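Asks: Okay, handing you the structure first.
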Amino acid sequence: MNVGQEILLLLKEEITEIEYNRYIKQLIYDYKKSTSDMAVFYAPNALVSNWIKNKYTEKIAHLFEIKNNSKVSVKITLKNQIDKNTIQQKSEHKIQHSLLNPSHTFDNFMVGGSNQFAYAAVKSVSEKAGILYNPLFIHGGVGLGKTHLMQAAGNVFQNQGKIVIYTTVEQFLNDFIRHVRNKTMDRFQEKYRKCDVLLIDDIQFLSNKEGIQEEFFHTFEALKGQGKQIILTADKHPKKIGGLEKRLQSRFEHGLIADIQPPELETKIAIIEKKCELNKVKLTKDIINYIATVIESNVREIEGILSKLHAYSQLMHVDITIEFTKNVLKDQLRENRANLTLDIITQNVAKDLNIKPSEIRSKGRSKNLVYARRIAIYLCRELTQNTMPQLAQYFGMKDHTAISHTLKKINELIENDEDFKVKIEELTNKITSSS
Ligand code: ADP
Ligand code: MG
């Protein structure tokens, strides 16, 4: 076995079997072209090559580094042109235009209150394409699992042999422009109108782009007319996207609209456990809880953190302890919190407890105002660098002793009341992720 094969087998240990089989297994190590500081691999086609370049070169380079004790750059190239064309034709026939992440499955998607409606909607669409809800429109903030869910349905359809096109608005637009330029619009239309399932990600980017909206409208009508399933995602509800033709907006609202909210603590914990399992990272319960409370609601960060932890611990030959985790996450935390102001925190607390920010800063003594004020003061103290006198001034309190009294009360509550503790953790997450 050559060193390249060895490295790919090591990589196999770190990724899911399906990703290995679909992508990594197709790489061929070129030991003739490789040198001590450069490893060359061949990929059978551009799709596989791009996928590996984006997702795995760093990991592969890292494994070489561990093995050789020196830095190695990794080059993924295509085999010579003739080879490439024949192989590409074959595999393109099989996987069509889409490049779905094979790990984005329903099994790998953790369901909680925040996403169960969207999950159920996508799941049922995947069981009855084109019949139930068409289009299905999923919206929600960054990193909450929209692409994952949409591709989970895509993977189901693809496994049934259906032609699935997954594309972002940007790719769709580029494709459109290319075909206009080459005067091959008929091919463009054929491609998009002949698929069984069309998945378009981040549809908000259609906003104010009239030409492509027009083309998309006709694609949409053609597919819908043939009972082909369409799934769309966006960062907001179609009504709020703006710069959309009325007829498109109304089409979007015709099917089913499902939103995804930021995950609750328990869902986040389940997601981290799942990602650990998939990425073969071993973490204790304490560390998982810690990461879940510390990171933003943006789930995308979880994977970054896990691979950081994994890489550091391998390079430095240490176990992943909670202290170690805290150190690794320090920069991340600092970044998330740097922009927080007293106003932002107060507004968030007010919104969460359904009162006005001005009421929090007023002298009102009703029970719920005092409760909200205490929480706001506590979070301002935790999340910003403000001193107690500064906080006293901001919240209209007599002096710093009033603040320290409040902090003591809240700390007691956190220690004695598990529900309250969770509530504070959730609020902290919400606030740090909104900045
Ligand atoms: P979005 O498209 O909404 O910005 P993604 O679908 O790209 O977000 O999700 C970001 C990352 O978080 C992906 O790695 C995805 O697998 C993961 N993720 C998000 N929600 C979940 C969930 N409920 N269960 C498992 N993984 C999740
Ligand atoms: Mg996405």
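Asks: Could you grab me the full set of residues in segment 196-225 that are away from ligand 1 (no atom under 16 Å from the Cβ) and in contact (Cβ under 8 Å) with a residue 60 or more places away in the chain?
Replies: Hits for segment 196-225 are ASP196, VAL197, PHE220, LYS224.
Here is a yes/no grid of residues against (1) more than 21 Å from LYS240 (Cα to Cα); (2) surrounded by fewer than 22 Cβ atoms within 10 Å (Cβ to Cβ); (3) out of contact with any strand residue (DSSP E or B) (no Cβ under 7 Å at 6 or more places or on another chain):
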residue: VAL122; (1), (2), (3): yes, no, no
residue: VAL125; (1), (2), (3): yes, no, no
residue: LEU132; (1), (2), (3): yes, yes, yes
residue: LEU136; (1), (2), (3): no, no, no
residue: GLY143; (1), (2), (3): no, yes, yes
residue: GLY154; (1), (2), (3): yes, no, no
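Asks: Tell me which residues, restricted to segment 1-35, are among the aliphatic types (A, V, I, L, M), part of a loop (DSSP other than H, G, I, E, B) and either free of Cβ contacts under 8 Å to residues at least 12 places away in the same chain or touching a strand residue (DSSP E or B) at 6+ places or on another chain (Cβ under 6 Å) (or both).
Replies: Matches in segment 1-35: MET1, LEU27.
Asks: Might you let me know whether segment 268-278 holds any residue that is assigned to a helix (DSSP H, G or I), more than 17 Å from GLY113 (Cα to Cα) and more than 13 Å from ligand 1 (Cβ to nearest atom)?
Replies: Checked segment 268-278: no residue is assigned to a helix (DSSP H, G or I), more than 17 Å from GLY113 (Cα to Cα) and more than 13 Å from ligand 1 (Cβ to nearest atom).
Rundown of residues vs (1) surrounded by 16 or more Cβ atoms within 10 Å (Cβ to Cβ); (2) under 23 Å from GLY143 (Cβ atoms); (3) without any contact (Cβ under 8 Å) to a residue 60 or more places away in the chain, yes/no style:
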residue	(1), (2), (3)
LYS398	no, no, yes
THR401	no, no, yes
SER404	no, no, yes
ILE410	yes, no, yes
GLU415	no, no, yes
ILE424	yes, yes, yes
LEU427	yes, yes, no
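Asks: Could you list, ordered by first residue, the pairs with Cβ atoms under 7 Å in which the first is in segment 361-381 and assigned by TED's automatic domain parsing to the domain that holds LYS408 and the second is part of a helix (DSSP H, G or I) and among the acidic types (Asp, Glu), at least 6 apart or interchain?
Replies: LEU369/GLU359
Asks: Please verify whether segment 176-195 includes one or more residues that are part of a helix (DSSP H, G or I) and within 14 Å of ligand 1 (Cβ to nearest atom).
Replies: no
The values are calculated or read from the model by the stated rules, or taken from the named source; none is laboratory data. Since the structure is predicted, the reported quantities are computational estimates derived from the model, not experimental observations. Quick reminder, even Gly has a Cβ in these numbers, built from the backbone with ideal geometry, and neighbours come from all protein chains shown.
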